[in-house]
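Undergrad: Below is one structure. I have some questions about it.
The values are calculated or read from the model by the stated rules, or taken from the named source; none is laboratory data. Not measured: the values here are computed from a predicted model. Here Cβ is always computed from backbone atoms with ideal geometry, including for glycine, and neighbour counts include all displayed protein chains. Only protein heavy atoms, including side chains, enter the accessible area calculation; ligands, DNA and RNA are left aside. Shrake-Rupley method; radii C 1.70, N 1.55, O 1.52, S 1.80 Å.
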Amino acid sequence: MPIRLLSSEVASQIAAGEVIERPASVVKELVENALDAGAKSITVSIAEAGRKLIEVADDGSGIASDELALAVSRHATSKLSKADDLFHIATLGFRGEALASMGSVSRMVITSKVAKSNVVGSRPTKAGARIKVEGGREGKVEAVGAPTGTVVRVEDLFYNVPARLKFLKTDVTERRAIDALLTRYALAYPNVRFKLSEGNNVTLQTSGDGDRRAILAALYGVEVAKQLLEINSDEEGPSTGSGLKLSGYVSPTALTRSNRKDITFFVNGRWVQDTPLTAAFVQAYHTLLMVGRYPMGAVFVEIAPEEVDVNVHPAKAEVRFRNQNRVFGFVQRAIRRGLLAYAPVPTVTPGLWGSRAESSPQVGLDWTIAHSSDQLSVDSDQLEDVSRESGVGQPSDLQPSNFQTTAANKVPLLRLIGQIGSTYLVAEGPDGLYLIDQHAAHERVLFEKLMAQHDMKKIPSQSLLTPAIVQLPPASAKLLNEQLSILTHFGFDVEDFGSNSFRVRAVPSLFAGSDPSAALRAIVEDFEEDEAPLQNEIEKKLAARVCKRMAVKGGQTLSPDEQRALLTNLENCDSPRTCPHGRPTMIHLSVEMLERQFGRRGAR
Amino acid sequence: MKVTVLQENLARGLGIVSRAVSPRSTLPVLANVLVASDEGRLRLSATNLELGITCWVPARIEQEGSTTVPSRTFSDLVNTLPSDQVLLSLDAKTQTLNVRGGSSTNDIKCIDAQEFPPLPVPDLDGAVQLNVADFREMIQQVAFAASTDEARPVLMGVLVQVEKDKLTMAAADGFRLSVRKAALASPAPAPLTAIVPARALVELARVASDGNEPIYMVAPKGRGQVLFRVKDVEVVSQLIDGTFPDYQQIIPRKYTSRTLVSTAALLKACKQAEIFAREGSNVARLNIKSASSDLQPSEVEISATSEETGKNETIVEATVDGSGVLIAFNVKFLREALEVIKTPNVALETSAPNAPGVVRPVGDEQFLHVIMPMHLG
């Protein structure tokens, strides 16, 4: 086939394919336009999951009638004028492609009226204007009466691109994509009123009064939304205007998901899917969650527009940071700090201890989370109003009235009662009974001591009388060789002794009581499966692993003095409630629960 | 069995053997003491299968016989009986031991002696003869350095070596080594090398508390056991199987600095440092300064710092031979070594911050202690 130039129609359809790939993309572009236009209220109506109709109406600044024809042509925008502007983009859109792309793959009608105050020049605009675009062919601009703002109707999406139409998923999936998208924008812009409806069915409605928790309820469900912890953090930058701000809602450690999908990031009000950011979020929960469980939450990062490049992805779903490590570190620290401030102890759900447990003895103990009610910054009255107005959830469910109270972060002063099954310690606190897993607790104690010494760059190490020679399988030996420098940081003195063996000459004094070769083996066992992107994380992982091996095991009888020492050390830990691998170190049985179980407080 | 025995003899015997009783054993008979008539004396035995102690008590035997009596009940009872004769009579059919003393009579339920594990009958031919006082001091100077980590059983024992008229004992826990030598009054008939559990030796030192009678030690070949007899007490222990590290290699041959200090002064300084060091990792720094001029005498500065507690610094007068050095030790190790040194002065030999330090009593070539240093990374 000879080479020839594509017709403009085909070219624009190809270009549109990058921006508009499904109904949700249309909604995204239009909602972003509305938000850029300063709308206070955005109404989205769809029909047949957006295939038939998508209509986005806003009360923003509108488009002047003489600019309307220009607006629908490619590379026409009001948001950018020169290339330099690209590096400090403060608007969601900037490429001037959205309307043109939509116009080329659908029948589009734009009706717009400029608000009076916005009129430039002397010519008064009495009415709005309307333009039709069908498959890329622009119609005439005609004057019509319209309210201030813009209404874009996109009908018969992809009617002229049957291939694309075939690739759309089921209605349910497409509708969910639109839902998810709009909910996230509602979350990012709590001061804008959003409404999404399909026919008479209103699926999302927000009040626009700035309260995010009601929107969270729509996104994650009422139960989850009321457990999410609110975090806020600021960091000064090296120069003025380069500071970082973070706010949002993150899950407490007891609330987890099996994947990372429920982690949502907004950078400067833009919903982005950024792997490093998500990794930072997950890392903030390092050692607090069980392996294979992930946190959830919505986090809003604000950063100077110059510090972030949004022009890297056609749908702007990805961003690049000028200083990625700084943002990464900041996000991780901010979430971690917020998390440690709450850190509740799992509480046993009393119901399972009663008669119901007998009927289903296989049921494991279920966890709930003991919150301090004052930590949940929910104004219940306000929340109730919001939910009633917006039709989200049942207001009564959102009242944080029946939350149990426990002191945050630290464990209370504990009085040792004894050891049971050579595995658990029993202790009394001011608020009831605590069962403590001695292995998990000791692991946590060792881990924090080691990391504290490591952070102070002062890990005392004890030389061995006779160096221990450890022989490893070739694969492990290679891995260990790569990690030798980290081991030195932790107070090990290990050197390659040739032919896959290593000579250990000193160990951290914390582990002086036990077999040095076991410590070394613990480090390389199962190492193969790890993928650890960051140095810091490797160190923590190594430390956690060694501590696990060195900690007292379940089934080991401890003397009363050892038990007491373990409790005291645990009380001094920063996050005493989980072991470094995320398993809980303690179960709390509150006095109230005991009283209920013994029938002192009326039958359940 | 029908036996009359003096209360104080019986009480003392039970006190000795009950150290080997294992109250929480799965084998109920191990919580009991074997009581048996034995050639005109009463034999008391207890064992936890690793360590066995037997004690013979003078008694008047009217009728031979044996049984096993619950140790705790029997000891507690005998201790409260008046200091007079105690009559023990066993009803073999019901295995009930009647204990009569003063105006009280008691029936204790027993377990048949058949169930009690047999203890080895010693053959003291070829036994090594040891001086009680010396041997007790040796145990005291060595056994504390043994490890308590069950992962390395060899280090939980004390190496006992006998060659001609020389006895050597050594123990190490991976970070320190204690070696004590002694001369035997009479040469041993055959050389002997065994790893004896430190706990057995500690019990032996407790049992052999008085008297000038010699201790006989015998380790029959191929039995994996060692037997000590002192006067009327026998202690039998399982030996630890394995190879003890070659401790001779660990002892440094030379040093660059030798520090002479008063044992008591250094011990006191260590105890003070430990108050602060125990919060952290037991690290104490020794800054050994050699005399630079007449105004600056040689001295040792011992210091410990804790994040929580605070810090401590003690200066001890010293005679430093060689260059100064700054070295850190686990202060507990140092303190424990100094505590068993009897001479008024002690020498600390060092060569580098990462090389082992040697502690020797001045004027006593028989003992030495090696401590590995620590360093702050």
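Undergrad: Name every residue in segment B:141-177 that is farther than 18 Å from B:ILE240 by Cα, open to solvent by less than 10 Å² (accessible area, probe 1.4 Å) and away from every other protein chain (no Cβ under 11 Å), in order of residue number.
TA: B:GLN141, B:LEU167, listed by residue number.
Undergrad: Give the number of residues within segment B:313-323 that are more than 19 Å from B:ASN345 (Cα to Cα) and buried (at least 19 other Cβ atoms within 10 Å of the Cβ).
TA: 0
Undergrad: Do we have B:GLU115 as in contact with a helix residue (DSSP H, G or I) (Cβ under 6 Å, 6 or more places away or on another chain), of a type in the set (Asp, Glu), open to solvent by 10 Å² or more (accessible area, probe 1.4 Å) and in contact (Cβ under 8 Å) with a residue 24 or more places away in the chain here?
TA: yes
Undergrad: Related question: In this structure, does B:SER290 turn out to be modelled with pLDDT under 90 and within 14 Å of another protein chain (Cβ to nearest Cβ)?
TA: Criteria not met by B:SER290.
Undergrad: Specify which of the listed residues (B:ALA183, B:ALA198) is more than 30 Å from A:PRO516 (Cβ to Cβ), of a type in the set (A, V, I, L, M) and open to solvent by 10 Å² or more (accessible area, probe 1.4 Å).
TA: Result: B:ALA183 is the single residue among B:ALA183, B:ALA198 that is more than 30 Å from A:PRO516 (Cβ to Cβ), of a type in the set (A, V, I, L, M) and open to solvent by 10 Å² or more (accessible area, probe 1.4 Å).
Undergrad: If you don't mind, another one. Looking at A:ALA427 and the list (1) among the small types (Gly, Ala, Ser); (2) at pLDDT below 90; (3) open to solvent by less than 30 Å² (accessible area, probe 1.4 Å), which single condition is not satisfied?
TA: It is condition (2) that A:ALA427 fails.
Undergrad: Now, a different point. Can A:PHE497 be described as modelled with pLDDT of 80 or more, open to solvent by less than 70 Å² (accessible area, probe 1.4 Å) and more than 9 Å from chain B (Cβ to nearest Cβ)?
TA: no
Undergrad: Go through the residues of segment A:63-74 one by one and say whether even a single one is touching a Gly at 6+ places or on another chain (Cβ under 6 Å) and either farther than 30 Å from A:LEU165 by Cβ or not hydrophobic (A, V, I, L, M, F, W, C) (or both).
TA: Looking through segment A:63-74, none of the residues is touching a Gly at 6+ places or on another chain (Cβ under 6 Å) and either farther than 30 Å from A:LEU165 by Cβ or not hydrophobic (A, V, I, L, M, F, W, C) (or both).
Undergrad: Assuming B:ALA208 fulfils every condition listed in (1) modelled with pLDDT of 90 or more; (2) crowded, with 16+ Cβ neighbours inside 10 Å apart from one, which condition is it?
TA: The one condition B:ALA208 does not meet is (1).
Undergrad: Name, by its number, the condition in (1) within 15 Å of A:VAL272 (Cα to Cα); (2) of a type in the set (S, T, N, Q); (3) part of a helix (DSSP H, G or I) that does not hold for A:ASN311.
TA: Answer for A:ASN311: the failing condition is (3).
Undergrad: Considering each of A:ALA186, A:ALA214, A:ALA143 in turn, give the residue that is touching a Ser or Thr at 6+ places or on another chain (Cβ under 8 Å) and open to solvent by 30 Å² or more (accessible area, probe 1.4 Å).
TA: A:ALA143
Undergrad: Something else now. Just wondering, is there one or more residues in segment A:260-277 that are closer than 20 Å to A:PRO576 by Cβ and either modelled with pLDDT of 85 or more or crowded, with 20+ Cβ neighbours inside 10 Å (or both)?
TA: no
Undergrad: Scan segment A:435-457 and tell me whether some residue there is under 30 Å from B:MET372 (Cα atoms), assigned to a loop (DSSP other than H, G, I, E, B) and in contact with a Leu (Cβ under 6 Å, 6 or more places away or on another chain).
TA: no
Undergrad: Same structure again: Go through segment B:241-264 residue by residue and tally those that are of a type in the set (A, V, I, L, M, F, W, C), within 18 Å of B:VAL362 (Cβ to Cβ) and assigned to a loop (DSSP other than H, G, I, E, B).
TA: Within segment B:241-264, residues that are of a type in the set (A, V, I, L, M, F, W, C), within 18 Å of B:VAL362 (Cβ to Cβ) and assigned to a loop (DSSP other than H, G, I, E, B) number 1.
Undergrad: Here is a follow-up. Which of the following residues is in contact with a strand residue (DSSP E or B) (Cβ under 8 Å, 6 or more places away or on another chain) and either at pLDDT below 90 or hydrophobic (A, V, I, L, M, F, W, C) (or both): B:ASP123, B:ASP107?
TA: B:ASP123
Undergrad: Looking at A:LEU465, A:LEU487, A:LEU510, can you tell me which residue is within 14 Å of chain B (Cβ to nearest Cβ), assigned to a helix (DSSP H, G or I), open to solvent by less than 30 Å² (accessible area, probe 1.4 Å) and of a type outside the set (Lys, Arg)?
TA: None of the others qualify; the one that does is A:LEU487.
Undergrad: With the checklist (1) open to solvent by less than 30 Å² (accessible area, probe 1.4 Å); (2) part of a helix (DSSP H, G or I); (3) in contact with a Ser or Thr (Cβ under 8 Å, 6 or more places away or on another chain) in hand, flag the one item A:GLU9 doesn't pass.
TA: (1)
Undergrad: Continuing with the same structure: Could you figure out which of (1) surrounded by fewer than 20 Cβ atoms within 10 Å (Cβ to Cβ); (2) within 14 Å of chain B (Cβ to nearest Cβ) isn't true of A:LEU446?
TA: Every listed condition holds for A:LEU446 apart from (1).
Undergrad: Another question, then. Considering (1) open to solvent by less than 20 Å² (accessible area, probe 1.4 Å); (2) under 23 Å from B:ILE195 (Cα atoms); (3) in contact with a Gly (Cβ under 8 Å, 6 or more places away or on another chain), say which one B:CYS55 fails and leave the rest.
TA: Exception for B:CYS55: condition (2).
Undergrad: Something else now. Could you check segment B:297-377 for strands (runs of 3 or more DSSP E) lying wholly inside it with 2 or more residues that are in contact (Cβ under 8 Å) with a residue 24 or more places away in the chain and more than 13 Å from every other protein chain (Cβ to nearest Cβ)?
TA: Strands (runs of 3 or more DSSP E) meeting the threshold: B:299-306, B:310-317, B:319-322, B:325-330, B:345-350, B:357-361, B:367-371.
Undergrad: Scan (1) more than 14 Å from chain B (Cβ to nearest Cβ); (2) of a type in the set (A, V, I, L, M); (3) outside any helix (DSSP H, G or I) for the single condition A:LEU480 breaks and write down its number.
TA: For A:LEU480, the failing item is (3).
Undergrad: Of the residues A:GLN597, A:GLN563, only one is touching a Gly at 6+ places or on another chain (Cβ under 8 Å), in contact (Cβ under 8 Å) with a residue 12 or more places away in the chain and under 19 Å from A:SER514 (Cα atoms); which?
TA: Only one candidate qualifies: A:GLN563.
Undergrad: Let me ask you something else. When residues of segment B:339-359 are filtered for being under 18 Å from B:MET138 (Cα atoms) and surrounded by 23 or more Cβ atoms within 10 Å (Cβ to Cβ), how many remain?
TA: Within segment B:339-359, residues that are under 18 Å from B:MET138 (Cα atoms) and surrounded by 23 or more Cβ atoms within 10 Å (Cβ to Cβ) number 2.
Undergrad: Next question, about the same structure. Counting just the residues of segment A:468-483 that are open to solvent by less than 30 Å² (accessible area, probe 1.4 Å) and under 36 Å from the mean Cα position of the chain (by Cα), which one comes out farthest from B:PHE329 (Cα to Cα)?
TA: So the residue we want is A:SER476.
Undergrad: OK, next. Given the conditions (1) within 28 Å of B:PRO356 (Cα to Cα); (2) away from chain B (no Cβ under 13 Å); (3) aliphatic (A, V, I, L, M); (4) out of contact with any strand residue (DSSP E or B) (no Cβ under 7 Å at 6 or more places or on another chain), which single one is not true for A:MET456?
TA: Result: A:MET456 fails condition (2) only.
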